[in-house]
Amino acid sequence: MYPNLYYAFRDLLGLEIPVLKIFQTFGFFVAIAFLAGAYILTLELKRREKLGWLLPMSEMMVVSGPATTGELIGNGVMGFLLGWKAVGLVLNWDTASQDFQGYILSSQGSFLAGLLLAALFVFLKYNSARKRKITTVKKEVVPVWPHQRVPDIIVMAAVAGLLGAKVFHNLENWSDFVQDPIGALLSFSGLTFYGGLIVAAIVIIRYARKKQINVRQLIDSAAPALMLAYAIGRMGCQFSGDGDWGIYNSAYVTDTTGHVVNVAPAEFDQVVKQNAFFFQQQYSDVAHIPHAPFAKPAALGFLPDWFFASGYPHNVIKEGVPLPGCDGQYCRVLPIGVYPTPLYEIIACLILFGVLWSIRKKVTTPGVIFGIYLILNGIERFFIEKIRVNTKYNIFGFHPTQAEIIATLMVVAGIVLIWYCRKKRAAETTIS
């Protein structure tokens, strides 16, 4: 696994570039997911604009003027943060490089450098406007197309999605949150996708209505982008080993090198006993560890063992037992292989993205594409939950996870949305 890009470059290319330790693998893929989603969303919005399905909204825009107070403050804040953390990082490299995440969340840094860069950024912004001799504000009424609002939409989706993902994750893991609420809220790990999706959807739909964007056309345009972004985000989970994996595959245990090997059931029990201290930290009853044996069948002999089980060596959350002969911050591995569910979701969601992208021109009833997305995403997540480790609820004798409940509601919502949109389209056709 690659906790940050330093490990990826070292293992894949043989290059040791210490500064890459700053860039967390999970965060890198999340950033790529947002960029890829923005690109696909822009393409689809432009296509629908050309067909006349989406129209611009006229707005009064400031086309020129002196630097505003807000711009000066924004530049000052940006300069302070850059100086405080970036310059502080350079000056305290030996200490900060040992734990970049802890450094970013701490009060450490160069306060003086922050103040100096803040003053410099404010001066540069002010001087740039002064040199152009812009003293009066000039406004014009200009048409703003939906695709031009994609940057705003992506920023809102990122902020609202992060907050929603954090809230839903902590609700799902309430006991952990109660023990360390500050750590749970500030940690970079611990995100629930559906929580982010729900909160981001509410915020963006309200924004779309305010900007007079046809909501059904917008969500149809977003459906393929959401599926692709989810697949890329799961790459971050898989390659960093962020703990978002499945239950134990008791057909495999991990050897001293971190690789998984196929074993008999008796050897699985033996490894559990040998690592009882690790398992007791997670399960009150070691005899009932969630697991399901599934060895690689002969028909799938061309697939590597890590497709069926992974020990996630060097995982970013430092979960597992010590790796022999390993020195450093990320030197742990799961003693028994788990199902690499992020890998399965990457494959499934890339396929589903292809399905949505291929039918987007054929399905012309507004809202139906998004309904199909809800159904496909819900089905995919519902079944992957069967081999994932998550908190279960007791509802009338059933024991679903939070994701299973939301996935089921998504499928129902998708069916209802398709029915409603088709009915509305039929009524509009009859009237015309």
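Spot the failing condition for ALA295; the list is (1) hydrophobic (A, V, I, L, M, F, W, C); (2) in a loop (DSSP other than H, G, I, E, B); (3) within 24 Å of the chain's Cα centre (by Cα), and only one is missed.
(3)
If I ask for residues that are under 13 Å from TYR373 (Cα atoms) and over 26 Å from the mean Cα position of the chain (by Cα), which ones from region 416-430 would you list?
VAL416, ILE418
Within region 29-55, count every residue that is in a helix (DSSP H, G or I) and either within 17 Å of the chain's Cα centre (by Cα) or crowded, with 19+ Cβ neighbours inside 10 Å (or both).
Number satisfying all stated conditions: 17.
Quick check on this structure: which one of TYR373, TYR330, TYR393 is surrounded by 17 or more Cβ atoms within 10 Å (Cβ to Cβ), touching a Pro at 6+ places or on another chain (Cβ under 9 Å), at pLDDT below 95 and among the aromatic types (Phe, Trp, Tyr)?
TYR330
Restricting attention to region 7-28, report how many residues are surrounded by 22 or more Cβ atoms within 10 Å (Cβ to Cβ) and either over 20 Å from the mean Cα position of the chain (by Cα) or in a helix (DSSP H, G or I) (or both).
The qualifying residues number 2.
Would you please list the contacts, defined by Cβ atoms under 8 Å and residues six or more apart or on different chains, that run from a residue in region 65-86 that is more than 22 Å from GLN108 (Cα to Cα) and in contact (Cβ under 8 Å) with a residue 24 or more places away in the chain to a residue that is surrounded by 15 or more Cβ atoms within 10 Å (Cβ to Cβ) and not aliphatic (A, V, I, L, M)?
Partner pairs satisfying both residue conditions: ALA67/LYS125; ALA67/TYR126; GLU71/LYS125; LEU72/LYS125; LEU72/TYR126.
Taking region 208-247 as the search range and keeping residues that are of a type in the set (A, V, I, L, M, F, W, C) and outside any helix (DSSP H, G or I), which one is surrounded by the fewest Cβ atoms within 10 Å (Cβ to Cβ)?
Restricting to residues being of a type in the set (A, V, I, L, M, F, W, C) and outside any helix (DSSP H, G or I), the top hit is ILE247.
Identify the single condition in (1) small (Gly, Ala, Ser); (2) assigned by TED's automatic domain parsing to the domain that holds ALA276; (3) not in a loop (DSSP other than H, G, I, E, B) that ALA348 does not satisfy, given that it satisfies every other one.
Unmet condition: (2).
Looking at region 317-336, is at least one residue under 30 Å from ARG10 (Cα atoms) and part of a helix (DSSP H, G or I)?
no
Quick one: THR341 ticks every box in (1) more than 21 Å from the chain's Cα centre (by Cα); (2) buried (at least 18 other Cβ atoms within 10 Å of the Cβ); (3) under 23 Å from GLU385 (Cα atoms) except a single one, so which number is it?
For THR341, the failing item is (1).
Which numbered condition trips up PRO324, out of (1) surrounded by fewer than 20 Cβ atoms within 10 Å (Cβ to Cβ); (2) without any contact (Cβ under 8 Å) to a residue 60 or more places away in the chain?
In the conditions (1) surrounded by fewer than 20 Cβ atoms within 10 Å (Cβ to Cβ); (2) without any contact (Cβ under 8 Å) to a residue 60 or more places away in the chain, PRO324 misses (2) alone.
Please work out if TYR6 is among the hydroxyl-bearing types (Ser, Thr, Tyr) and under 29 Å from HIS259 (Cα atoms).
Answer is yes for this residue.
The values are calculated or read from the model by the stated rules, or taken from the named source; none is laboratory data. Just so it is clear, the structure is predicted and the values come from calculations on it, not from any experiment. Please note: Cβ atoms are built from the backbone with ideal geometry, for glycine as well, and neighbour counts cover all protein chains shown.
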